1. Using only alpha carbons, build the gyration tensor for the stretch 1-74 and give me the equivalent ellipsoid semi-axes, biggest first, whole Å.
2. If eta is 1.567 mPa s and T is 4 °C, what Stokes-Einstein diffusion coefficient results for the stretch 1-154, Kirkwood Rh from Cα pairs, in µm²/s?
3. Starting at 0 and stepping by 5 Å, how many percent of the alpha carbon pairs of the stretch 240-316 end up in each bin?
4. Relative to the Cα centre, what is the charge dipole magnitude of the chain, using +1 at the beta carbon of each Lys and Arg, -1 at the beta carbon of each Asp and Glu, and rounding to the nearest 20 debye?
5. Provide the descending list of Cα extents for the stretch 133-211 along its principal axes, expressed in whole angstroms.
6. May I ask for log10 I(q)/I(0) of the stretch 207-283 at q = 0.20, 0.24 Å⁻¹, from a Debye sum over the Cα atoms as equal point scatterers with solvent left out?
7. Using only the Cα atoms, work out Rg/Rh for the stretch 85-220, with Rh taken as the Kirkwood radius, to two decimals.
8. How large is log10 I(q)/I(0) at q = 0.13, 0.18, 0.22 Å⁻¹ when the Debye formula is applied to the Cα atoms of the stretch 138-180, each weighted equally and without solvent?
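The values are calculated or read from the model by the stated rules, or taken from the named source; none is laboratory data. Given the structure is predicted, the values throughout are model-derived calculations rather than measurements. When we count neighbours, we look across all protein chains shown, and the Cβ atoms used for this are built from the backbone with ideal geometry, even at glycine. The protein model used for the area step is the full one, side chains on, heavy atoms only, and it has no ligands, DNA or RNA in it. Shrake-Rupley method; radii C 1.70, N 1.55, O 1.52, S 1.80 Å.
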Amino acid sequence: MQYAHITGWGKSVPTATLTNDDLATFMETTDEWIKTRTGISKRNISHVNTSEMASVAAKHALAAAGIDGSELDLIILATASPDTLIPNIASTVQANIGATCGAFDINAACSGFLYGVGLASSMIKSGQNKKILIIGAERLSFYLDWSRRETAVLFGDGAGAIVLEASDTPGGILGYELNNDPEGRDILQSNFGTQMDRFDTDSLDFYIHINGQDVFKRAIHGMGNLSHTVLEKCGMAIDDVDFVIPHQANERIIDTLVSRMKIPKEKAFVNIADYGNTSAATIPIAICDALSQGKIVAGQTILSCAFGAGLTSAAMLLKWGERTTPINVSDAALPACDKTALQLIKPAVDYFLSKSDTTK
């Protein structure tokens, strides 16, 4: 039997940082207001397309695994904010890393990365593939209406990636569960898509909107239920879990989730303060940060769970292998940015604030 092990990891985060104090220069909010409700202190704003962040993260993951892009059997890219709908941007990454394999995008919103890992691990365990690159990448600043505080303070841009490889050594991805709750699909959404009237300029006013209270309740329920399910199917209990890497949507959600699951808070990794919610990218970025901080150690049993628009949810249980340091290090980087985050978002801020003023 083949086991699917994580052998490489990498991230790509734009250098332009938008702080809570920056947001307070054009909307009614404060650093304290945002921090106490979300745990977020800052987020990154990208000056490049999603595929470019994804490509840099991919190059770091490949280097960490000690393999070349040409060795990959498959690329799965999770995103809700691709550069283009046609073609998929997995093909752009494929060209950038020199891969010659199947490549496709999936959109399961914030759960997308774990959806991708689940699919990839099944492909490896079936014997279909041996080396798969899974990426979570988002440029959610593209969707934001900067006059709407309830969403403008939450999201950021970034990308993370892992390499899954087949191995005869037991461990790796032990199990996963995927679910969707369509009854709640309207509480977190953007109207971008073919339902738009392309001849009506008002259709360009698409943005993310959210029912925060419903999302909070359903997120905890969805992630908690699937986490218990995957543990049960793997024949494990909460006490067997050494470390938890949850989706970074809101620190309150994470705190409530681990409390209800009776997991000590110190076992849960939280880095939302530095990135905001980067949707499909939060978990692979968190994996990279946890490794660099020495929080992931050889042989750990790790639980990861996510929740997103759809309403999607996912949970994964894995046993980390022996290696926690990269085999090689890539010098891949995003091009230099000559603007501040405030300057990058200024055209969108001016547009949406002017629209807001005319509707009052």
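1. Here the semi-axes work out to 37, 15, 8 Å.
2. On the way: Rh = 16.8 Å.
Roughly 77 µm²/s, to the nearest whole number.
3. Values per bin, smallest distances first: 3, 15, 29, 28, 18, 6, 1.
4. For this selection, approximately 500 debye.
5. Sorted from largest, the Cα extents of the stretch 133-211 read 57, 29, 27 Å.
6. Evaluating at q = 0.20, 0.24 Å⁻¹ gives log10 I(q)/I(0) of -0.93, -1.25.
7. Values: Rg = 18.0 Å, Rh = 17.6 Å.
Expressed as Rg/Rh, it is 1.02.
8. So the normalised log intensities work out to -0.58, -0.75, -0.84.
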